[in-house]
Structures are given as C-alpha cells and as structure tokens.
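Enquirer: Could you have a look at this structure, given as structure tokens, before my questions?
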Amino acid sequence: MKIYNFSAGPACLPETVLQAVRDAAIDYSGSGMSIMEMSHRSKPIVDLFETASSRVRDLLDIPSNYHILWLQGGASLQFSMVPFNLLSENGSADYIDTGSWSFKAAAECNKLGTGKIIASSRDSNYTFIPKEFEQNHDASYLHITSNNTIYGTQYNVFSEVKSEGGILVADMSSDILSRSIDVSQFGVIYAGAQKNIGPAGVTLVIIRDDLIGKEYREIPTMLNYKTHVAKNSMFNTPPVLSVFVVNETLKWIEDLGGVLEVEKRNINKAGKLYAEIKRNSIFTSLVNKEDRSMMNIPFVHTDQSIDDNQFLLFCEERGLKTLKGHRSVGGFRASLYNAMPEEGVDALVHAMQEFENSK
Ligand code: PMP
C-alpha cells in the first residue's frame, strides 16, 4: 500500500531525494567514503555548500546584497539570534502574533529588550492574520511568521506588512520555497529545513548585507551572523548531511521547473482539499477564508461531538498518515508541502468522501 505522510514536520521528502541520500550514505560521489565521514574542509563538501547556496539564490532570485547561511539550532535559535543582532541597545521591535511560533519569537526578544506585540489573533485561536496595526516608529524591525504551521494561516500578500524602519524579518519555516517571493522586501528570512526543503538539523538564513555586524551589544560568537558570514557557514562543524539533503531537494525543485511551477502545483493541491472540505457535509474549516494556508490545512468535524479517532483510523487503514490536528486546534491537519504528490491529496479527498458515505 502506498503511504502518504501528511506530517507538519519533519515531513515527506521526494523519493528521488531519499534515494540519493541512501547512495551518499555509503559512497559520496565516487569518493569511497560516506558523506557522514567527510571533512567539511574537503573540497567536495565546500563545493556542496556553495552549490546549495547558489541554487537557493537562483530559485528565489535573491539579490546579490543578501547572504545565504546554513546554521544550526533550528528556527527557534533564530528567535534569539534576530534580536541579538538587530535589536538596538535598549530598543524595541514589533511582532505580529499569528500563532505560538510568533509568540515564542516575541518572548525571546523580550529577554534582551522589548518585543512588542502590535497585533494578534490569539483571542480567536489564531484563525486569521491581523491586517490592521500601527507600527512603532522607533522599532528596530518588524517580525512576522509567513505561514502558521499549527493554525493553517498564511500571509497571501506581504504588501500590508512593510516595515516602517525598512527591516522586515520573516520566519518562513513552513512555506519557504513553496511559492515565489520578493526577497528584497525582507531584511532577514529564516526557515528550519524540516518541512519544505530537507531534514531537521539545518536552518536557512537569508540576510541583507547591511544588517551584518551591527553589534549593538556583546554577541556570543555562535549567535553573531557576522561569524557565519565570514566563514561561509563553516565556523564550526556544520550539519553536512542535512545540507546534502537540502541540496538534493533544491535540485528536485529545479528539475520540476522551479518555484513558479512548484507554486502552481501547491495552489492546485490545496485548492482540491479546500474544495472537498467545503463540499463535504461532515468536515469544515475554522480558518478565515482569505488567510488560508496552502501548506497546512486544518479541518474539523462539523459535528464536534464525533470522535476524531474514527476518521484518523479510517485514514490510517488507507495509508494516509499523521493527519491528527495539533492539540491546540484539534481535528485534523493535512500538510501539503512541496513533496506531497497530488495523488496523496486525491487519496485523502477520496477517503473523506468514502467516510462521509459510510455515515
Ligand atoms: N517557526 C515555525 C513557523 C514552525 O513551524 C516551527 C516548527 N514547527 C518553528 C518555528 C520551530 O522550528 P525548529 O523546531 O526548527 O526550532
């Protein structure tokens, strides 16, 4: 039976990527050594990092005044690195609270200075993206979460989140490379790899040149972007295997036809599932229509007294895995990252119809 993994992350990866990982785990590129045994100072690995960076640059059309970094510590460490590097001395930064990840990011800023939540949808359990807010003129930056993995909301346009100070920081962990973006709108973009571009263990950071080396405070070496820019992400031993998997995933995106093609597929996949949620009498979406995510699609039973486990088991028996919603939302969540094939969405839609008919 074909298995489809709808997990929110770590998430499904393209089959060809997994096959390349299997090969590289034994013999990397004819070297006779496993990629896991190779020094990060060796030419093949230095080349790998350069290739991965140039692929990201091409795929997202990143201007030359941006650096691309491969760091560790997950997106969660970026919650701290951003204020360490960008928050002015005794300063404050603006945060839009669209879910627990945004909230956690603001909390880290509050440990160094002030992370001001200027708009929030917390009171509605994050079912929408706030559109109206006033920014603080003296804010060091404005921080947003472009896609809210748990709640299934996503900024569909970024025009309403221009930072007055010119530094827009975005956590794109759950939608990086799923659609085209204008990188020049952002000062910093960061994304843990384990949803759309690879396995856990590496975090992609895209940062504008003028934001490096601001040094508003003493910054621990490993938390200073300058350290990693100066050493091409190899100040210490980097997560080579994770970067290898990312590079293979980027190659896969290129082979599909690039980000625009991937975006087209994602629109189609999400459209199919939303159409079924709308049509199906036993399921419904709680998310504000215009803010619905293409990546993470939560839905619940229209009659909330029905035990969710029935449908989860029904799906499980059909090879449709990891559909349980996050505990703070309940119900179900289908994550349709780049690597989820259309057939997986079709199988889920079919199961929803079968389940409805069985009632
Ligand atoms: N931001 C978002 C939007 C996420 O979805 C996640 C992980 N689910 C994180 C941050 C935290 O990422 P990490 O586990 O890589 O620290």
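The values are calculated or read from the model by the stated rules, or taken from the named source; none is laboratory data. Keep in mind the model is a prediction, meaning the values are calculated, not measured. Heads up, the Cβs are rebuilt from the backbone with ideal geometry, glycines too, and the neighbour counts pull from every protein chain shown. Calculation scope for accessible area: heavy atoms of the full protein, side chains included, ligands and nucleic acids excluded. Shrake-Rupley method; radii C 1.70, N 1.55, O 1.52, S 1.80 Å.
Enquirer: Tell me which residues come under 5 Å, amide H to amide H, from Arg333 once H is placed; ignore anything under 5 positions away on its chain.
Expert: Amide H neighbours of Arg333: Phe299, Lys324, Gly325.
Enquirer: Assign one of three labels to segment 150-238, namely rounded, prolate or oblate, based on the Cα gyration tensor with a ≥ b ≥ c the square roots of its eigenvalues; rounded applies when a/c is under 1.5, prolate when it is not and a/b is larger than b/c, and oblate otherwise. Don't skip to the end; give the middle numbers.
Expert: On the way: a/c = 2.28, a/b = 1.27, b/c = 1.80.
Cα axes put segment 150-238 in the oblate bin.
Enquirer: Also: Go through 202-208, 190-196 and give me the packing order, highest mean Cβ count within 10 Å leading. It would help to have the intermediate numbers written out before the result.
Expert: On the way: 202-208: 24.1, 190-196: 26.9.
Per-residue Cβ counts within 10 Å, averaged per peptide and sorted highest first, yield 190-196, 202-208.
Enquirer: Report the Rg/Rh value for segment 102-221, based on alpha-carbon coordinates and the Kirkwood definition of Rh. Mind dumping the intermediate values first?
Expert: Values: Rg = 14.5 Å, Rh = 15.5 Å.
Rg divided by Rh gives 0.94.
Enquirer: Sticking with this structure for a sec: Given the DSSP H assignment, sum -39500 (n - 2.57) over each helix run of at least 4 residues in the chain and divide by its residue total; what's the result at 222 nm in deg cm²/dmol, nearest 500?
Expert: On the way: 9 runs with 125 residues, N = 359.
So the helix-based figure for the chain works out to -11000 deg cm²/dmol.
Enquirer: Of the heavy-atom accessible surface of the chain (probe 1.4 angstrom), what whole percent is carbon and sulfur?
Expert: Numbers: 7680 of 15300 Å².
Ligands and nucleic acids excluded, carbon and sulfur give 50 percent.
Enquirer: Net charge within 10 Å of Ser92 by Cβ-Cβ distance, Lys/Arg positive one each and Asp/Glu negative one each, not counting Ser92 itself?
Expert: On the way: positive: Lys116; negative: Asp94, Asp138.
Combined, the nearby Lys, Arg, Asp and Glu give -1.
Enquirer: Provide the percentage of antiparallel DSSP beta bridges, counting only those with both residues in the chain; round to the nearest 5. Could the numbers behind the result be given before it?
Expert: Working: 21 of 38 bridges.
Antiparallel bridges: around 55 percent, rounded to the nearest 5.
Enquirer: A further question follows. Take every DSSP beta bridge whose two residues both sit in segment 124-214, then give the antiparallel share in percent to the nearest 5.
Expert: Values: 7 of 14 bridges.
Here the antiparallel bridges make up roughly 50 percent for segment 124-214.
Enquirer: Name the lysines eligible as straight-distance cross-link partners of Lys324: C-alpha to C-alpha under 24 Å, and not fewer than 8 places from it in the same chain.
Expert: Lys2, Lys104, Lys195, Lys269, Lys272, Lys278, Lys289, Lys359
Enquirer: A further question follows. Name the residues whose placed amide hydrogens come within less than 5 Å of the amide hydrogen of Asn296, ignoring near sequence neighbours (fewer than 5 apart) on the same chain.
Expert: Leu336
Enquirer: State which stretch of the chain is the longest one without any exposed GluC sites (Glu not before Pro), exposure meaning a DSSP loop state and at most 16 other Cβ atoms within 10 Å. Kindly include the intermediate steps, with their values, before the conclusion.
Expert: On the way: sites that count: Glu89, Glu132, Glu134, Glu164, Glu215, Glu218, Glu317.
The longest such stretch corresponds to 219-316.
Enquirer: Something else about it: For segment 195-330, what Kirkwood radius comes out of the mean inverse Cα-Cα distance, in Å?
Expert: Details: mean 1/r = 0.0522 Å⁻¹.
Taking the inverse mean of 1/r over all distinct Cα pairs, segment 195-330 comes out at 19.1 Å.
Enquirer: Return the equivalent ellipsoid semi-axes of the chain as a descending list in whole Å, where each equals the square root of 5 times an eigenvalue of the C-alpha gyration tensor.
Expert: Details: eigenvalues 225, 157, 50 Å².
Each semi-axis is √(5λ); the values are 34, 28, 16 Å.
Enquirer: Determine how large the accessible area of Lys226 is when every protein chain is in place; take a 1.4 Å probe and give Å² rounded to the nearest 10.
Expert: 100
Enquirer: Now, a different point. Not counting ligands, DNA or RNA, and with a 1.4 Å probe, what is Arg179's accessible surface area in Å² rounded to the nearest 10?
Expert: 20
Enquirer: What aspartates and glutamates does Lys111 reach when the alpha-carbon gap must be under 18 Å and sequence neighbours fewer than 8 apart in one chain are set aside?
Expert: Those aspartates and glutamates meeting the cut-off are Glu89, Asp94, Asp97, Glu215, Glu218.
Enquirer: Can you give the accessible area per residue of segment 234-359, in Å², using a 1.4 Å probe? All intermediate terms of the calculation are to be shown ahead of the outcome.
Expert: Details: 5600 Å² over 126 residues.
I get 44 Å² per residue for segment 234-359.
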